[in-house]
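Below you'll find the structure, written out as structure tokens, and then a few comments.
What follows draws every value from the coordinates through simple rules; no lab data is involved. None of these values were measured; they are calculated from a predicted model. No Cβ is skipped: glycine too gets one built from the backbone with ideal geometry, and neighbour counts run over all protein chains shown.
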Amino acid sequence: MRTEVAVIGGGSTGSSILYHLARAGSPSPLLIERGPAIASGQTSRSTALVRTHYSVPVVARMALLSYRFFRDFGELLPGYTAGYRETGLLIGVDERSEGSVRENLQMLRQLGIRSDFVDMEQVKEIEPLLDTSGFSAVVHEPQMGYAEPSTTAASFAGAARALGARVLTDTTLIGLSKTAEGYSLSTSGGEVEARQVVLATGVWSGPIFNSLGVPLPMKPVRHPVAIYGRPQEFQGIRPTVFDFPRSAYFKAEGQNLLFVGSMESELDASSPAADPDSFDEGVTYEEIEKYSEWTANAFPIMASKGRYERGYSGLYDNTPDQQPIIDELSDFGYPGVRCLVGLSGHGFKLSPEFGRLMASLVMDGRFDDYDVSVFRLKRFETGRLLKSKYSLSTIG
Ligand SMILES: Cc1cc2nc3c(=O)[nH]c(=O)nc-3n(C[C@H](O)[C@H](O)[C@H](O)COP(=O)(O)OP(=O)(O)OC[C@H]3O[C@@H](n4cnc5c(N)ncnc54)[C@H](O)[C@@H]3O)c2cc1C
């Protein structure tokens, strides 16, 4: 099989890249996914929050453009859906983080992002059941919601197919070698010739980079999610809550569930690297106890009327500054092989922009809308890391 561009990995990243390549006129781009279906990896475990509150300006900008894409998904990809639902976001902060949040809001406003402090009376109107006693201030970001992650990836891949792209599932990339015309990919389904290659292999990227001799500073870290049933009084569409003092997030899912997860930076710093093919995919008793306490404190009604339903764990592909690696591996002898990995637990919401910028890099050799060179691998050698204003995991 021959192709101009082979994209490896059919999660939200690879599927969006495939779609944007096909839409930009790349002739029959090919997606290679080792699982039985699109979104066989971490995308299917995502809580899929789509927010614009970031503190690294270029990431905030990517988040804003991606948010607009999710909002308009059905118009941009007629006949397909991301299952996007707008809920708004409340961010509760304390004295330790209020200053940096205040500074950050100015930057966000300049980018056109609606995110501002609201008084406690307004918070009560937006979410009457949230206990605000631990917060010195609360930010409201109305333009925030969540999507259905597997559906989003499948929609990107489906729309790409309709434009002539090809998708191979149950096919694993084993290795690649240079040819006169590009690369020969050795896969579990046979050889594939490609002029250019994009690696969007998430937490499974380690062995591929190793085989290429490219150092990859990425650690797969296990992140549990506990799911609670909400009582009658707490049902319906509600805002997501980021609780900075507790380093917790609460996502009111659908009609009556509450997904609870951690934004503790210690979790990313001190957790051992997980094996993506063998890790504890459940939630431990201690984790349930801790998340239940957070939940009962943030929403007192949950203490008496909420109930623990179930839980699961997924993996973040963390880099040292918790921002993606977007690069071409030409410095390592692989011109035309690019990567978009190391998304550090917040890559779903950015998938539309990932696709747009990578399609431009592949097809034009450049992307001019903003500077993506800040995401290059060499930043970890030169120490020019992307700096967040917050000390929380994933907030960036
Ligand atoms: C619990 C949890 C909650 C999250 N919440 C959010 C959130 O609220 N908002 C947000 O923006 N992000 C969130 N994220 C992060 C986000 O989900 C991920 O960054 C994103 O989905 C990763 O997509 P991906 O396509 O890069 O990786 P994946 O979805 O993991 O896709 C990589 C694909 O590559 C395939 N693959 C790997 N190796 C090979 C090979 N050799 N050959 C062929 N195929 C291969 C895999 O099978 C896989 O399907 C969360 C993640 C987790 C785990």
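A few notes on this one:
- Electrostatic tally near Y80: other residues with Cβ closer than 13 Å to its Cβ, Lys and Arg +1, Asp and Glu -1, net -1.
- For the range 316-321, Karplus couplings with θ = phi - 60° (6.51, -1.76, 1.60), whole Hz, Gly/Pro x: 9, 9, 7, 9, x, 9
- Once the Cα-Cα distance is subtracted from the 0.36 nm per residue extended length, the Q110 to S177 segment shows a gain of 19.5 nm.
- Sorted peptide list for 36-43, 353-360, criterion being average Cβ within 10 angstrom, highest first: 353-360, 36-43
- The aspartates and glutamates within cross-link reach of K305, meaning a Cα-to-Cα straight distance under 14 Å and a gap of 8 or more places when in the same chain, are E233, E293.
- The local environment of L257, defined by Cβ-Cβ distances under 12 Å, has a net charge of +3 under the rule Lys, Arg +1 and Asp, Glu -1.
- Anchor K349: lysines whose Cα lies under 21 Å away (excluding residues fewer than 8 positions away in-chain): K219, K251, K387, K389
- Cα centroid of the range 316-379 to Cα centroid of the range 52-74, whole Å: 16 Å
- Take every pair of alpha-carbon atoms less than 8 Å apart whose residues are at least six positions apart; their mean separation over the length of the chain yields a relative contact order of 24 percent.
- Using θ = phi - 60° and Karplus 6.51 cos²θ - 1.76 cosθ + 1.60, couplings along the range 210-224 (whole Hz; Gly, Pro as x): 4, 5, 8, x, 9, x, 10, x, 9, 10, x, 10, 6, 10, x
- Helical mean residue ellipticity (222 nm; -39500 (n - 2.57) per DSSP H run of 4+; nearest 500) of the chain: -9000 deg cm²/dmol
- Point-to-point label distance, E286-D369, nm (Cα→Cβ direction, 7 Å offset): 4.4 nm
- The range 1-137, relative contact order in percent, only Cα pairs under 8 angstrom and at least six apart counted: 18 percent
- Cα-projected label distance for Q122 with S271, points at 7 Å along beta-carbon direction, nm: 3.4 nm
- Sum of side-chain charges, L176 neighbourhood, beta-carbon under 15 Å (Lys, Arg +1; Asp, Glu -1): +1
- For the chain, the square roots a ≥ b ≥ c of the C-alpha gyration tensor eigenvalues yield an a/c of 1.5 or more together with a/b exceeding b/c, which makes the shape prolate.
- Residues whose amide H comes within less than 5 Å of that of A37, counting only those at least five positions distant or on another chain, are D170 (H built at 1.01 Å from N in the peptide plane).
- Helix 149-162 vs. the chain, principal-axis angle (Cα, 0 to 90°, nearest 10): 30 degrees
- Cα shape, the range 318-362, gyration tensor, a/c 1.5 rule: oblate
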